[in-house]
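The values are calculated or read from the model by the stated rules, or taken from the named source; none is laboratory data. Owing to the predicted nature of the structure, the values given are computational and were not obtained by experimental measurement. Here the Cβ positions follow ideal geometry from the backbone for every residue, glycine too, while neighbour counts run over all protein chains shown. Ligands, DNA and RNA are stripped out before the accessible areas are found, and what is left, the full protein with its side chains, is counted by its heavy atoms. Shrake-Rupley method; radii C 1.70, N 1.55, O 1.52, S 1.80 Å.
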Amino acid sequence: MTERPGERSSYHHGSLPEALVEAACELLDECGQEKVSMREVARRAGVSAGAPFRHFADRQALLTAVADRVLADFARWQEGEAAAVEPAGGSVMRAIGLGFVRYALHHPRRFELLRSRVFTASREPELREQLDGMDRVFTGLIVADQEAGRLRPGDPVLVGLAGQALVYGLAQMIVDGYLPGERAEELAGQVLDTFGQGVAGSSANHQAQ
């Protein structure tokens with residue numbers, strides 16, 4: 001996403017959808033999803049106003065494709081957070097929980113898009129496969145923490161839901177301005193530690209004392 005609006009090269013038919021999604025992502029980061037329009041995306045991609053409709057039925061279809069791109073970016077972000085955990089005993093669940101909050105802090109407009117497309121009554125079919133894969137990975141990380149004694153035994157799905165509810169709420173409070181942005185990461189870490197005291201395994205509690 002380094003080219004300036006109006007400076008894109010001509011695209012072959014096969015690469016135009018990716019170019020349109022990239023232009024839409026840039027517009028999302030700059031202005032928010034309410035400003036993402038087919039006409040402006042076409043202008044930034046350097047194509048005619050009607051060109052996007054050959055690949056996306058309407059604005060909602062384009063936003064779904066953008067959400068899919070953002071989900072992939074978010075997954076890579078979380079993989080990085082998990083990879084940074086100390087092998088000797090850090091909790092991966094805590095790391096990805098804090099990573100969730102950090103992502104919302106650094107990319108509030110992407111978070112708002114995910115909130116409107118993912119945290120809804122029904123998940124869009126186009127996003128379901130990627131979301132299901134992320135859920136499986138998350139559950140596996142919780143199980144690994146439980147087996148290592150860093151989390152208490154219990155239904156990993158419920159543990160994951162509890163953690164997700166916590167970090168989602170924190171992230172929304174940050175985006176809404178309820179929590180001060182300059183202390184957001186510090187507060188999120190403290191809240192996650194408080195939560196962790198309730199679900200941590202006995203060995204983890206013992207190490208902390």
Helix 92-106: angle to the longest alpha-carbon principal axis of the chain, degrees 0 to 90, nearest 10?
40 degrees
Roughly how many nanometres apart are two label points built 7 Å out from the Cα toward the Cβ at R43 and R136?
4.3 nm
Measuring from label point to label point, each 7 Å out along Cα→Cβ, what is the E18 to R183 span in nm?
4.5 nm
Nearest 10 degrees is fine. How inclined is helix 125-147 to the longest principal axis of the chain, computing both from alpha carbons?
20 degrees
By the gyration tensor of its Cα atoms, with a ≥ b ≥ c the square roots of the eigenvalues, what is the shape of the range 65-170: rounded for a/c under 1.5, prolate for a/b over b/c, or oblate?
prolate
Which FRET efficiency, nearest 0.05, do R152 and R128 yield, Cβ-Cβ r, R0 45 Å?
0.90
Can you work out the accessible area per residue across the chain, with the rest of the protein chains kept in place, probe 1.4 Å, in square angstrom?
54 Å²
Quick one: length gained pulling A121 to A61 fully straight, 0.36 nm per residue minus the C-alpha distance?
19.8 nm
Given q = 0.09, 0.15 Å⁻¹, what are the Debye log10 I(q)/I(0) values for the chain, with equal point scatterers placed on the Cα positions and solvent ignored?
-0.42, -0.96
Compute the long axis of helix 59-83 from its Cα atoms, compare it with the longest principal axis of the Cα atoms of the chain, and write down the angle in degrees, 0 to 90, nearest 10.
40 degrees
With no solvent and one equal point scatterer per Cα, compute the Debye intensity ratio I(q)/I(0) for the range 117-192 at 0.14 Å⁻¹ and report its log10, rounded to two decimals.
-0.61
How many percent of the accessible area of the range 64-209 is carbon or sulfur, using a 1.4 Å probe?
56 percent
How far is the Cα center of the range 38-72 from the Cα center of the range 74-128, in Å?
24 Å
Radius ratio Rg over Rh of the range 97-150, counting only Cα atoms, Kirkwood formula for Rh:
1.06
